[in-house]
Amino acid sequence: MKVAIGADHGGFELKEKIVAYLKEKSIDYTDYGTYDMTSCDYNDAALKVTTAVSEKQAERGILICGTGIGMSIQANKVKGIRAALVHDLFTAKATRLHNDTNVLAMGGRIIGDEIAKAIVDVWLHTEFSNEERHRRRVEKLEKND
Ligand code: RB5
């Protein structure tokens, strides 16, 4: 699986930890920045990562800003993107099973590195349930794209 990852300055440190984790797990990824702590707009990395996902250069995207909120708002404005802001393992799993999310947003100022890595692991490795009611709801989301 190919993963696109990006952050703003508020998510930079956690993004570096997640990049190292993806490397350790031999998960293929592209890092769309930011590459240091200089203040920047979350929108830019969000648009690079979601473009990679919507154009199928990557199957999934991971976006990290201070809270994860700006990233998730921006990501969900892009056609074909279903982004979830996740800070716990229950929703990491549920949003794959129920919503077939293709982008994971997290807040680097909200959660610790180990829970973030566990969230990434669960989110990347949980398949969409493909149950009829969940398919129907995802199709309704797509109609609003
Ligand atoms: C940057 O200070 C911060 O606003 C940003 O990382 C994010 O939390 C926005 O939603």
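Each value in this text was obtained by applying a stated rule to the coordinates, not by laboratory testing. As the structure is a computational prediction, the values presented were derived from the model and not from experiment. Note that each Cβ is placed from the backbone with ideal geometry, even for glycine, and that neighbours are counted across all protein chains shown.
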Identify, please: which residue in the range 99-123 is among the charged types (D, E, K, R) and assigned to a helix (DSSP H, G or I) and is, among those, farthest from G10 (Cα to Cα)?
D121
(1) surrounded by 15 or more Cβ atoms within 10 Å (Cβ to Cβ); (2) at negative phi; (3) more than 12 Å from the ligand (Cβ to nearest atom): which one isn't true of G33, the others all being true?
(2)
So R137 passes all but one of these: (1) within 17 Å of I5 (Cβ to Cβ); (2) without any contact (Cβ under 8 Å) to a residue 40 or more places away in the chain. Which condition number does it fail?
(1)
Evaluate the following for R96: is it part of a helix (DSSP H, G or I) and either buried (at least 17 other Cβ atoms within 10 Å of the Cβ) or in contact (Cβ under 8 Å) with a residue 60 or more places away in the chain (or both)?
yes
Give me the pairs: first residue in the range 35-53 and closer than 15 Å to R82 by Cβ, second residue within 14 Å of the ligand (Cβ to nearest atom) and not polar (S, T, N, Q), beta-carbon distance under 7 Å, and six or more apart or on different chains, which are they?
A46/G6; A46/L63; A46/M71; A46/A75; V49/G6; V49/L63; T50/A75
Looking for whichever is surrounded by fewer than 22 Cβ atoms within 10 Å (Cβ to Cβ), under 25 Å from Q57 (Cβ atoms) and either away from the ligand (no atom under 15 Å from the Cβ) or of a type in the set (D, E) (or both) here; the options are D121, D113, D88. Which one fits?
D121
Hey, T50 in a helix (DSSP H, G or I), hydroxyl-bearing (S, T, Y) and more than 16 Å from the ligand (Cβ to nearest atom) or not
no
With respect to M71, is the statement that it is within 16 Å of the ligand (Cβ to nearest atom) and either of a type in the set (A, V, I, L, M) or closer than 23 Å to F128 by Cα (or both) true?
yes
What are the residues in the range 1-30 that are small (G, A, S), crowded, with 23+ Cβ neighbours inside 10 Å and not in a loop (DSSP other than H, G, I, E, B), if any?
A4, G6, A7
Please tell me if L104 is within 14 Å of the ligand (Cβ to nearest atom) and crowded, with 19+ Cβ neighbours inside 10 Å.
no
Residue satisfying condition, being of a type in the set (D, E, K, R) and either closer than 12 Å to A58 by Cβ or within 16 Å of the ligand (Cβ to nearest atom) (or both), within set K23, K15
K15
